[in-house]
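Input: a single structure, listed below in structure tokens.
The values are calculated or read from the model by the stated rules, or taken from the named source; none is laboratory data. Since this is a predicted model, take the numbers as computed values, not measurements. Reconstructed Cβ throughout: ideal geometry from the backbone, glycine too, with neighbour counts over all protein chains shown. Please note that ligands, DNA and RNA were not included when accessible areas were found on the heavy atoms of the full protein model with its side chains. Shrake-Rupley method; radii C 1.70, N 1.55, O 1.52, S 1.80 Å.
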Amino acid sequence: MNTIVVGLQWGDEGKGKIVDYLTESADLVVRGQGGNNAGHTVIAKGVRYILNLLPSGILWDGKTNIIGNGVVLDPIGLVAEIERNEALGVSITPAKLLISDRAHVVLPFHKELDAAREISLGDQKIGTTKRGIGPTYADKVNRCGLRVADLLDEPFARAQVTRRVAEVNEILAKYDLPQFTADQVLEEVYTAFERLRPHVTNTIPVLHKAWKNGESILFEGAQGTLLDIDYGTYPFVTSSNTTSGGSCTGSGLPPNAIQRVIGVCKAYTTRVGSGWFPTVDEGLSEYLHGLGREFGVVSGRPRGCGWLDTVLLRFACMVNGVTGLAVTNVDGLDEYETLQICTAYDIDGTLHELPPAGRGEWDKATPVYESLPGWKCDTTACTRYEDLPQNAKAYLTRLSELCGAPIAFIGVGPDRSQTLVV
Ligand code: IMP
């Protein structure tokens, strides 16, 4: 069975943990989009691993992990990530990790271009992770990017980087940001690339062979549906298709190869960076931060927290074709007295069951809530759905009804063992 795991909110839904759980029965784990802007935390046997670009299957022996063509790959960042995880005892061999030769390369100046754009946007800034993700995808679409295969052709890479550095320096000069030389960029990138070179290959036939042989392929989505460049809260989005289709375009495995789409959401909603967040709630944010929860893995920024928003989830289930929901962080609500679920937005007196596209409408979207009683007890020791308190089951049933998708998994804590199969 081939499965896509996607985030249904603004990222940070706890996908890493669900992917890790599903990896047990997978032969291959694939990242098809995004870059090291993602931060997946996996806790296994008491050890906390943070993965940015490495697929979660890297923590297991005997799995093939693929960084697909749709990913933007920062060689320097990836080598640091590899070394950090190797220090924790994870083996990262060319047999375990394959890197697509079609993936685009994040170059050091892309990070500065990211900063330049944020400065130029002033109070309209996106609040990016400053990892150079947007500018790298922009170069890809603008047909002036550098692919991993180009790094294998050093004279070409040199010429391309030299051209691009000249253009980029003009932009950076306007913002008093550091200038680059092609030599410096190439030296930094090639130093890192030496560690990655043995992993580079054409990953598409590898995936097709696995598909043909009936092996099980798992796609690990990064970020979330509302950060998707098409379906998200544009322009406050990331620069890739974070939805299920992105797994296909980002890997070369076609849609008819996919049997299952698991949509991951928290039992509430969180968001980092700028942009609309209708159900944000100060009380809930303070409560969760007080528990030491909801600080960003990549940036350490406190995430804004709010009530469950089923307008967003309904839409996310539609555009991803979700066949099963994984609801994580249920334990985060354990002590709350009364819970709110947003069922619609009121925009100028009209009720909307799906999110709007226009900025003006987003500015006016007011959540319409329904209240449910909390369960006021610890769920972290539950090991079966039946163990959950009645009010938690009622909350999850309502969530599922409002989203139009069945629940497949429930998360009641960060450990691998705290995932309930429904
Ligand atoms: P970028 O992907 O760095 O360009 O950032 C664009 C937006 O996506 C910002 O609001 C980021 O905070 C958000 N973002 C990117 N990656 C993640 C993630 O893994 N989790 C949550 N938000 C993210």
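So the values come out like this:
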quantity: Residue that is nearest to the ligand (Cβ to nearest atom), among those in the stretch 289-336 that are of a type in the set (Gly, Ala, Ser), in contact with a strand residue (DSSP E or B) (Cβ under 6 Å, 6 or more places away or on another chain) and free of Cβ contacts under 8 Å to residues at least 60 places away in the same chain; calculated: Gly304
quantity: Residue tally, condition open to solvent by 60 Å² or more (accessible area, probe 1.4 Å) and polar (S, T, N, Q), over the stretch 129-167; calculated: 2
quantity: Tally of residues being in contact with a helix residue (DSSP H, G or I) (Cβ under 7 Å, 6 or more places away or on another chain) and of a type in the set (Asp, Glu) across the stretch 22-38; calculated: 1
quantity: Single residue of Val79, Val29 found to be surrounded by fewer than 20 Cβ atoms within 10 Å (Cβ to Cβ) and outside the structural domain of Val185 (by TED's automatic domain parsing); calculated: Val79
quantity: Strands (runs of 3 or more DSSP E) contained entirely in the stretch 351-422, each with at least 3 residues that are under 25 Å from the mean Cα position of the chain (by Cα); calculated: 407-411, 419-421
quantity: Filter result for Asp228 (open to solvent by less than 30 Å² (accessible area, probe 1.4 Å), among the acidic types (Asp, Glu) and either modelled with pLDDT under 95 or within 14 Å of the ligand (Cβ to nearest atom) (or both)); calculated: yes
quantity: Selected residue [of a type in the set (Gly, Ala, Ser), over 21 Å from the mean Cα position of the chain (by Cα) and farther than 23 Å from Gly57 by Cβ] from Ala149, Ala95; calculated: Ala149
quantity: Extreme residue, farthest from Tyr137 (Cα to Cα), among residues of the stretch 68-82 that are touching a residue at least 40 places away in the same chain (Cβ under 8 Å) and part of a helix (DSSP H, G or I); calculated: Ile82
quantity: Checklist (1) within 13 Å of the ligand (Cβ to nearest atom); (2) within 28 Å of Val189 (Cβ to Cβ); (3) open to solvent by 10 Å² or more (accessible area, probe 1.4 Å) applied to Lys96, failing item; calculated: (1)
quantity: Residue tally, condition more than 14 Å from the ligand (Cβ to nearest atom) and closer than 22 Å to Leu196 by Cβ, over the stretch 105-143; calculated: 4
quantity: Residue in the stretch 36-50 that is most open to solvent (accessible area, probe 1.4 Å), counting only those that are farther than 16 Å from Thr419 by Cα and either among the hydrophobic types (A, V, I, L, M, F, W, C) or more than 11 Å from the ligand (Cβ to nearest atom) (or both); calculated: Arg48
